[in-house]
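Undergrad: I have a structure I would like to understand better, so I am pasting it below and will then ask my questions one at a time.
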2 protein chains.
Amino acid sequence: MSASQIQMDPALPPRESWADINDDCPIFQSLGVLSTRSAFLVLREAFYGATRFDQFAQRADISEPVAAARLKELTEAGLLEKHPYREPGQRTRNEYVLTDKGADLLPTLLALFRWGERWVFGDGIRADIAHASCGASVDAVVTCEHGHRVPPGELRFRRNPARAS
Amino acid sequence: MSASQIQMDPALPPRESWADINDDCPIFQSLGVLSTRSAFLVLREAFYGATRFDQFAQRADISEPVAAARLKELTEAGLLEKHPYREPGQRTRNEYVLTDKGADLLPTLLALFRWGERWVFGDGIRADIAHASCGASVDAVVTCEHGHRVPPGELRFRRNPARAS
DNA sequence: CGGCATCCTTAGGGATACTG
DNA sequence: CAGTATCCCTAAGGATGCCG
């Protein structure tokens, strides 16, 4: 067992025998909404401030039909909300804004962002996301509820646990 | 501007005018390897301890051709390494093990795992990943290099920064 | 401006069968 | 056991055009 693997609770049966291996997996369920490239890109633009149809299509560099499909799916899945609004003197527009559910994907997107910087761009960093009030770069850090930074190799998978509160 | 959006460095031009908006984006580049559901599932199983072809196909619940395609792509992309090995008295087998590059996706997978638990399963938690030495649940927490836990709304996007070290 | 309808091409992925 | 080959179906996504 390598140090990068997650330890399995010794009380668990071998994984091959698990029923509903994907139905019970939160990663698999998350992929139900997030399995396409364009979904990630639309969410990226939502975090970067896009709110209108055109902005999503243009900034994510996807076609309008794809933007329409993604915005609809993400809205139906509850990650975005569609708000009609009207600026004074303008006609009614729609804006798409992140819900709490959508906004909670920030750590996922940030983790992906950082991974790409480290392993695709290497030292040729092109962009950065920082803590506005102190200026230091941010990352998604594996941390336990007791505040410990947890190295890979100290992770253990459990089923139906009593959550540590 | 909502609290869930990432602030843009005021010195930056409007995003619509950026050239190579995707070429320079680490998220987009990461999606080059990770845009399919099966790629996430194969990596999930690698973290859960799978090393052999059969294990990946069976535990991820994907067909053999798909498993073969994903293992090949992930190996070529440097996330997995294929090692021939031989147990005493057995014939030669291949095992696929996470490289440092692949293992570094753990925060991403963990963030997705936690998101699914919170928003798909809600309170009906089915599984948990914990800090083995203290028992507390772990999560991918947005943290800056100075150790601050950074709330959404305090994030700022910069281009070509001098990294805070 | 903010979409949707249509058409087309490519990619993802299952089933089955076969091979070293 | 560890794949590959073939076939087929569906999903992703671009291009174009239309429409309120």
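Undergrad: In percent, how large is the relative contact order of chain B, given Cα pairs closer than 8 Å and 6 or more residues apart?
TA: Working: 146 pairs, mean separation 44.3, N = 165.
The value is 27 percent.
Undergrad: Taking every pair of alpha-carbon atoms in region B:32-103, give the share separated by more than 18 Å as a whole percent.
TA: Values: 810 of 2556 pairs.
Tail of the P(r) past 18 Å holds 32 percent of the pairs.
Undergrad: Quick one: what does P(r) look like for region B:15-58 with 10 Å bins over all Cα pairs, in whole %?
TA: Once binned at 10 Å, the Cα pair distances of region B:15-58 give 25, 34, 22, 13, 6.
Undergrad: Right, next: Using each residue's phi in region B:23-36, evaluate 6.51 cos²θ - 1.76 cosθ + 1.60 at θ = phi - 60° and report the 3J(HN,Hα) Karplus result to the nearest Hz, with x for Gly and Pro.
TA: 4, 8, 9, x, 5, 4, 5, 4, 5, x, 8, 10, 8, 10
Undergrad: Follow-up question, since we're still on this one. Which FRET efficiency value, to the nearest 0.05, is calculated for A:GLU81 and B:ASP100 with the Förster distance at 45 angstrom and r the Cβ-Cβ distance?
TA: Computed FRET efficiency for A:GLU81 and B:ASP100 comes out at 0.70.
Undergrad: Another question, if that's okay. Taking only Cα atoms of the protein assembly as shown, what ratio of Rg to Rh do you get with Rh as the Kirkwood inverse-distance radius?
TA: 0.98
Undergrad: Which distances, shortest first and in nm, link B:GLN90 to the matching position in the other copies, using label points set 7 Å out along Cα to C-beta?
TA: Here B:GLN90 shows inter-copy label distances of 6.4 nm.
Undergrad: If a/c stays under 1.5 just call it rounded; otherwise compare a/b with b/c (prolate if a/b is bigger, oblate if not). Do that for region B:105-156, with a ≥ b ≥ c from the square roots of the Cα gyration tensor eigenvalues.
TA: oblate
Undergrad: Expressed as cubic angstrom per residue, what is the convex hull volume of the alpha carbon set of chain A?
TA: Here the figure is 200 Å³ per residue.
Undergrad: Now for a separate question. In degrees between 0 and 90, to the nearest 10, how far off the longest principal axis of chain B does helix B:106-116 point, with axes built from Cα atoms?
TA: So the inclination is approximately 80 degrees.
Undergrad: If you don't mind, another one. Karplus couplings for region A:45-55 from phi (6.51 cos²θ - 1.76 cosθ + 1.60, θ = phi - 60°), rounded to Hz, Gly and Pro as x?
TA: These are the phi-based 3J(HN,Hα) values: 5, 4, 5, 7, x, 5, 9, 10, 3, 4, 4 Hz.
Undergrad: Give the lysines whose C-alpha is closer than 28 Å to that of A:LYS82, dropping any in the same chain fewer than 8 places away, or say none.
TA: Leaving aside lysines fewer than 8 places away in the same chain, those within reach of A:LYS82 are A:LYS72, A:LYS101.
Undergrad: Could I have the simple spin-label model distance between A:ARG52 and A:ALA69, label points 7 Å from Cα toward Cβ, reported in nm to one decimal?
TA: My value for the distance between the label points is 2.5 nm.
Undergrad: Can I ask one more? Between B:GLY124 and the same site in the other copies, what are the distances in nm, shortest first, taking label points 7 Å from Cα along the C-beta direction?
TA: Sorted ascending, the copy-to-copy spacings read 4.9 nm.
Undergrad: Using the crude model of +1 on Lys and Arg Cβ and -1 on Asp and Glu Cβ, and no other charge, please compute the dipole size for chain B relative to its Cα centre, in debye to 20.
TA: Using Cβ point charges on Lys, Arg, Asp and Glu, chain B gives about 200 debye.
Undergrad: Each label point is 7 Å from the Cα along the Cα-to-Cβ direction; what then is the distance between the points at B:ASP123 and A:SER35, in nm?
TA: My value for the distance between the label points is 3.1 nm.
Undergrad: What spacing in nm lies between the two simple spin-label points modelled at B:ASP24 and A:ASP61, each 7 Å away from Cα in the Cβ direction?
TA: Result: 1.1 nm between the two label points.
Read-outs throughout are calculated quantities, based only on the coordinates presented, and are distinct from any laboratory measurement. No experiment lies behind these values; they were computed from the predicted model shown. For neighbour counting, all protein chains shown are included, and Cβ atoms are generated from backbone atoms with ideal geometry for every residue, glycine included.
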